[in-house]
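Structure record follows, encoded as structure tokens.
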Number of protein chains: 2
Amino acid sequence: MVSTNPARGMRDFLPADIRKREYVIGVIKEVYESYGFEPLETPAVENLETLMGKYGEEGNQLIFKILKRGEKLVQSAGFSLSERDESRTLNELTDLALRYDLTVPLARVVADNRNELPKFFKRYQIQPVWRADRPARGRFREFYQCDVDAIGSDSMIVEAEILTAVSRILNRLGFNDFTIRINDRQVLTDILDTAGVADEMHSIALVAIDKMDKIGPAGVAKELADRGISEKSSTMLTEIFAKTGEILDQEGDINRTIVSNLINIVSNETLSKLGQILKFASKAPIVIDPSLARGLSYYTGAIMEINVPDLAGSLGGGGRYDGLIGMFGKEQIPACGFSLGLERMLVVMEERGMFPPEIAESTPADVLVTIWSEETISESLKFANELRDAGIRVTLYPELDKLGKQIKYADSIKVPFVCVLGESELADGNVTLKNMATGEQKTIARNLVAAKLK
Amino acid sequence: MVSTNPARGMRDFLPADIRKREYVIGVIKEVYESYGFEPLETPAVENLETLMGKYGEEGNQLIFKILKRGEKLVQSAGFSLSERDESRTLNELTDLALRYDLTVPLARVVADNRNELPKFFKRYQIQPVWRADRPARGRFREFYQCDVDAIGSDSMIVEAEILTAVSRILNRLGFNDFTIRINDRQVLTDILDTAGVADEMHSIALVAIDKMDKIGPAGVAKELADRGISEKSSTMLTEIFAKTGEILDQEGDINRTIVSNLINIVSNETLSKLGQILKFASKAPIVIDPSLARGLSYYTGAIMEINVPDLAGSLGGGGRYDGLIGMFGKEQIPACGFSLGLERMLVVMEERGMFPPEIAESTPADVLVTIWSEETISESLKFANELRDAGIRVTLYPELDKLGKQIKYADSIKVPFVCVLGESELADGNVTLKNMATGEQKTIARNLVAAKLK
């Protein structure tokens, strides 16, 4: 007998889960639409070449790859897997892959539809992505990203609007203790240059610095050494981050503090951009964190991340990627986006009990209609449809069981009311309505039941 | 430069597409919920063994299979693809696959969660499925199914409720010329037995009979011969279908007509079941078609299909599958379901112009707020958020362009109103509101704009 488990690291969502997920997704959609962002969807499956090389070396490894089919696979015959040339294996065996994030597909779509899309294309996209990561608590191989991106402008108004929208979503869901940290990839580049890290080692160094939160400055120093960064550079980086790594908030005199710590390292232009984001998004709880790195390799400007105290990872993150769309089209088009992690939000909301009661305690229907006898089945079906016409959610008991068993079943699925249409009720045009919470039972005119239930 | 096309047979959905899709999905959800069906979602990826062998030989071929990863793939080293043993190739190289339909995953979930789910579990599920079919007009490799299934009862009340719910959806969307054809697998089994087709050839014969619509009786006879059915059996089948193949509707005296044609072939029990469906779902436009076969191999009882005159294929289909859940669990649990094809419905609705105007002519926002100068950016952002607080969808122009250019852009994205906050407006607490359709322009108090726009 085959296993009944879902695939490793993936999950089935039963009705109570879906209702919570759809509540959060509903709030996200409504807020993004109120900012003029429009919906977009892309296929789960992309050509392998679309995804490879966009997420760094680790990303390449974690992409789920799809086996070629029929003729295409047969043409690969004669090639032996024992020749362990990985890139050749991939090219021989696979041509498609599962979506790894929503940003690279967006870049492809923008390049593909440049003439049909508005100059400033603002889109949101809420779809699953797949990563062949080792499953762990809170880390899944299929998870939803809720992305919002603005294409076509390099103004910091874009960063500010995105952060304001994301803040509004979190507020609407009841989060009031989140912090948005921002930085600019240029700040990190300037710091790395100052510490004497060669250009080609920058992305490797960023992967280490990205772990500052998890492993602390000593851990980062060790990783830098492991990755071949000289001890001199590593020491210098640690010193710079010790001086600048304190988080600067809007209340403090940002410019002066940044200037005193970063003026010799970072250009005025970069500092001014960060200052603009703070000014334009003045209501969002933003702080500058010069050590914030973000893992993905396609970011070119502002980067941002949202945290809450009781979650180890982030609720979401994003940044500016002015170079990515140009990898797919002739034109270099500026872009900036943010991705909220649905699962992360749900974990915190579940632990804190943040769901409204109508979501947390939802029922499959407002009322259950019973079946009295073989002869009256059609009448029960008809009555159920009358209630549905009036906007009531009705479940019909599907079998000719004893009435007591039907009522017991209604109780087990927590339906608040039960309707009985016996022979006497049918003869008089009545229905007996039972309130499952109080046990109270009343026989009323059939055409008044819907109003009563409302 | 990499291609910007989506993968072969798959599609990107731009905002106007998504709005139409979400409108249809919204109606489907609302109706299914009004019948007491609850939402369920399963992963896109299933263990390969969960899917293999459930859809017949053709199905096995069309399943997208995912390459093993890392260590698992390395362990396959030494096996050469030139040994063309297909099942071995698959076992060596793949362990996962993309969902092929929503019914087999449901059966797995029910077997896996039997104790948490109600005895009569009624669920709907609206998710994409993937099939490595040859792409053609209207045939895609990624498409949405809108499934509704009732688990746990073998009563025909279930078939009737499902068909009533599906009819209600189609009515709500504006379809008024669809026909529901129903049959029972037992009718076909009895006919095949009568024609002397051996048990082990039944499923092969059904695949041929399933094409009656497309290739006619002569085509079916040829396919039967090609598949090794004796000429005698084939002739007899053609004769039986010529006698019984006329579609029987509710208006005629069904029992008498069926009896006269099928009484010597089909048991009273099977005929009575079909009669019950017609009686219980008396408002749905149902006809009995004894030649309706349906392609999938897991059906055991009633089968059903919906057609409209201007579409070659069906809008959807379904049936009873009392044996499928038992393939995953200890218990044999009766079940019946129906699947509406989202893409099929959309094609017909598009051709017939069935979308309501607010969906067909939707805009990215209700109003565009312009930017006046560097100094007033924060005020424009603030004002945009005031409107959003009042429930207005606002897009903010993201750059410091000339006002004329900003208004021209608003026109290009068909936003109906533009708000201008110049220095004089800001000083007086006013906003200039431009109606893009009439060109009319009015300066009004800032706090009255939201009410005006509503």
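Quick notes
- Qualifying residue in the range B:306-323 (condition: farther than 30 Å from B:ILE18 by Cα and at pLDDT below 90): no
- Restricting A:ASP177, A:ASP226, A:ASP213 to those that are open to solvent by 40 Å² or more (accessible area, probe 1.4 Å) and over 26 Å from A:GLU57 (Cβ atoms) reduces the list to A:ASP177.
- Failed item, numbered, when B:ASP366 is tested on (1) among the acidic types (Asp, Glu); (2) more than 12 Å from chain A (Cβ to nearest Cβ); (3) in contact (Cβ under 8 Å) with a residue 40 or more places away in the chain: (2)
- B:ILE254 meets each of the listed conditions (1) modelled with pLDDT of 55 or more; (2) surrounded by 13 or more Cβ atoms within 10 Å (Cβ to Cβ) apart from (1).
- Among the residues listed as B:ASP133, B:ASP154, B:ASP149, the single one being within 14 Å of another protein chain (Cβ to nearest Cβ), surrounded by fewer than 19 Cβ atoms within 10 Å (Cβ to Cβ), in contact with a Phe, Trp or Tyr (Cβ under 9 Å, 6 or more places away or on another chain) and among the charged types (D, E, K, R): B:ASP133
- Just one of (1) more than 24 Å from B:TYR32 (Cβ to Cβ); (2) open to solvent by 60 Å² or more (accessible area, probe 1.4 Å); (3) charged (D, E, K, R) fails for B:ARG172. It is (1).
- If the condition is being open to solvent by 80 Å² or more (accessible area, probe 1.4 Å) and within 13 Å of chain B (Cβ to nearest Cβ), then the range A:401-440 contributes A:LYS405, A:LYS408, A:ASP411, A:LYS414.
- Leading residue by the ranking (surrounded by the fewest Cβ atoms within 10 Å (Cβ to Cβ)) among those in the range A:277-291 that are within 20 Å of A:THR238 (Cβ to Cβ) and touching a helix residue (DSSP H, G or I) at 6+ places or on another chain (Cβ under 8 Å): A:SER291
- Of all residues in the range A:5-21, those satisfying the criterion of being at the interface with another protein chain (Cβ under 7 Å from one of its Cβ atoms), free of Cβ contacts under 8 Å to residues at least 40 places away in the same chain and closer than 23 Å to A:PHE355 by Cβ are A:ASP12, A:PHE13, A:LEU14, A:ILE18.
- Test: residue in the range A:35-42 that is part of a loop (DSSP other than H, G, I, E, B), hydrophobic (A, V, I, L, M, F, W, C), surrounded by 18 or more Cβ atoms within 10 Å (Cβ to Cβ) and more than 7 Å from chain B (Cβ to nearest Cβ): yes
- Listed conditions (1) at the interface with another protein chain (Cβ under 9 Å from one of its Cβ atoms); (2) open to solvent by 10 Å² or more (accessible area, probe 1.4 Å) are all met by A:LEU98, apart from (2).
- Within the range A:379-400, residues that are over 13 Å from A:ALA451 (Cα atoms) and more than 7 Å from chain B (Cβ to nearest Cβ) sit with their Cβ atoms under 8 Å from residues that are surrounded by fewer than 18 Cβ atoms within 10 Å (Cβ to Cβ) and polar (S, T, N, Q), at 6+ positions apart or across chains, in these pairs: A:LEU400/A:SER373.
- Positions within the range B:1-24 being surrounded by 18 or more Cβ atoms within 10 Å (Cβ to Cβ) and assigned to a loop (DSSP other than H, G, I, E, B), in sequence order: B:THR4, B:PRO6, B:ALA7, B:GLY9, B:MET10, B:ASP12, B:LEU14
- In the range A:362-376, the residues that are of a type in the set (A, V, I, L, M) and either touching a Lys or Arg at 6+ places or on another chain (Cβ under 7 Å) or surrounded by fewer than 22 Cβ atoms within 10 Å (Cβ to Cβ) (or both): A:ALA365
- Yes/no for A:ASP112 being in the same structural domain as A:GLY316 (by TED's automatic domain parsing), open to solvent by 20 Å² or more (accessible area, probe 1.4 Å) and touching a residue at least 24 places away in the same chain (Cβ under 8 Å): yes
The values are calculated or read from the model by the stated rules, or taken from the named source; none is laboratory data. Quick caveat: nothing in here was measured; it's all calculated off a predicted structure. Methodologically, a virtual Cβ is constructed for each residue, glycine included, from the backbone with ideal geometry; neighbour enumeration extends over all protein chains shown. Areas reflect the complete protein model, heavy atoms only, side chains present, ligands, DNA and RNA absent. Shrake-Rupley method; radii C 1.70, N 1.55, O 1.52, S 1.80 Å.
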